[in-house]
Amino acid sequence: MKSAVSKLQAELSADPVFGPSQVQANQAGNLALVSVPINADPSSPPAYDAIRHLRSDLIPQAFAGVDAHVLVGGQTANAVDFFALTAHYTPIVLGFVLGLSFLLLMVVFRSVVVPLLGVLLNLLSAGAAYGILVFVNQHGHGASLFGFQRVATIEAWLPLFLFSVLFGLSMGYQACLLSRIKERYDQTGDNPGAVSWGLRSTGGIITGAALIMVAVFGGFALGKLVFLQEMGFGLAIAVLIDATLVRSILVPSAMKLLGKRNWYFPRWLEWLPKVQVEARHPGQTGDQPAPPRMLEPVP
């Protein structure tokens, strides 16, 4: 193993990216720590490339045929591992969240169009939030207005974190709005009237809840730590866009244009369980429809 370590040190010294290396070994001679600095910013792309080169080329060449287990650690190596882990699991998380959201909305509202519309518009909210976050925090447009520090790159963990939190909040708003629309449509069969009723019934609740969330996330954005500024601003702007533009304009407009197609549900999916959104009336059991109720206009 000593010869392999010596060979590795020779390769490191011949590469200008790496600085002088030092070796510390235990008394048994079966464990060694090779410390080598990188001649670059530890959080820069050249440093990341150096770690990848060390792992894929230099170490395998030096330890070829040697029975040894080599690990690469340090700040830069941890960042490289985190990026790889995030890149691996991001598509899995996105697919799981989108698929489960679609399935739950489909079962509850007995429609394939409504959940598809909800998923697409939620993706629109997240995409808009990503764009504004990059525009302000990374490119610096209006950053001084908010008191933000301009950054070279957005925090690697933030996109997935923002997507997960926003999707949970927006699905709450979506279920609140759609439950009122579905309730009215089942009673009257009038799709435009049901959409109008649902928007009037829930608009104040959704707007109020969104303002509370914006205020909470805005508190994080006012902090001095860069990652808190990015997180707070990203979530605040995402919730604001979702509650105003998406939930109050795009969703009702799309549902009004689609008409009765909103409630399309193929027969081959009738085996799915029926979920009762509203509480049953006294004496109502099983699949019995709810008795008609007197509908009063919302002031």
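Please work out which one of (1) free of Cβ contacts under 8 Å to residues at least 40 places away in the same chain; (2) among the charged types (D, E, K, R); (3) surrounded by fewer than 17 Cβ atoms within 10 Å (Cβ to Cβ); (4) closer than 24 Å to residue 250 by Cβ is the condition residue 224 fails and give its number.
Among (1) free of Cβ contacts under 8 Å to residues at least 40 places away in the same chain; (2) among the charged types (D, E, K, R); (3) surrounded by fewer than 17 Cβ atoms within 10 Å (Cβ to Cβ); (4) closer than 24 Å to residue 250 by Cβ, the lone unmet condition for residue 224 is (4).
Can you tell me which residue among 246, 195, 251 is modelled with pLDDT of 85 or more and under 29 Å from residue 155 (Cα atoms)?
246
Looking at the range 123-143, is at least one residue more than 30 Å from residue 219 (Cα to Cα) and either in a helix (DSSP H, G or I) or not assigned by TED's automatic domain parsing to the domain that holds residue 171 (or both)?
no
Mind checking which helices (runs of 4 or more DSSP H) fall wholly inside the range 147-263 and carry at least 3 residues that are within 30 Å of residue 79 (Cα to Cα) and among the β-branched types (Val, Ile, Thr)?
The qualifying helices (runs of 4 or more DSSP H) are 226-241.
Quick one: residue 61 ticks every box in (1) assigned to a loop (DSSP other than H, G, I, E, B); (2) exposed (fewer than 15 other Cβ atoms within 10 Å of the Cβ); (3) in contact (Cβ under 8 Å) with a residue 12 or more places away in the chain; (4) polar (S, T, N, Q) bar one, so which box is it?
Unmet for residue 61, out of (1) assigned to a loop (DSSP other than H, G, I, E, B); (2) exposed (fewer than 15 other Cβ atoms within 10 Å of the Cβ); (3) in contact (Cβ under 8 Å) with a residue 12 or more places away in the chain; (4) polar (S, T, N, Q): (1).
Given the criterion under 17 Å from residue 113 (Cα atoms) and either touching a strand residue (DSSP E or B) at 6+ places or on another chain (Cβ under 8 Å) or in the same structural domain as residue 115 (by TED's automatic domain parsing) (or both), identify the matching residue among 173, 185. Write out each step before concluding.
On the way: 173 fails: under 17 Å from residue 113 (Cα atoms).
Testing whether each residue is under 17 Å from residue 113 (Cα atoms) and either touching a strand residue (DSSP E or B) at 6+ places or on another chain (Cβ under 8 Å) or in the same structural domain as residue 115 (by TED's automatic domain parsing) (or both) leaves just 185.
Would you please list the contacts, defined by Cβ atoms under 9 Å and residues six or more apart or on different chains, that run from a residue in the range 145-171 that is at positive phi to a residue that is modelled with pLDDT of 85 or more?
From residues that are at positive phi, the pairs are 147/221; 147/222; 147/229.
Looking at the range 172-185, which of its residues are surrounded by fewer than 20 Cβ atoms within 10 Å (Cβ to Cβ) and in contact with a Leu (Cβ under 8 Å, 6 or more places away or on another chain)?
Scanning the range 172-185 gives a single hit, 175.
In the range 4-28, what residues are surrounded by fewer than 11 Cβ atoms within 10 Å (Cβ to Cβ), under 23 Å from residue 42 (Cβ atoms) and out of contact with any strand residue (DSSP E or B) (no Cβ under 7 Å at 6 or more places or on another chain)?
Matches in the range 4-28: 14, 16, 20.
The values are calculated or read from the model by the stated rules, or taken from the named source; none is laboratory data. Keep in mind the model is a prediction, meaning the values are calculated, not measured. Note: ideal-geometry Cβ built from the backbone for every residue, glycine included; neighbour counts use all protein chains shown.
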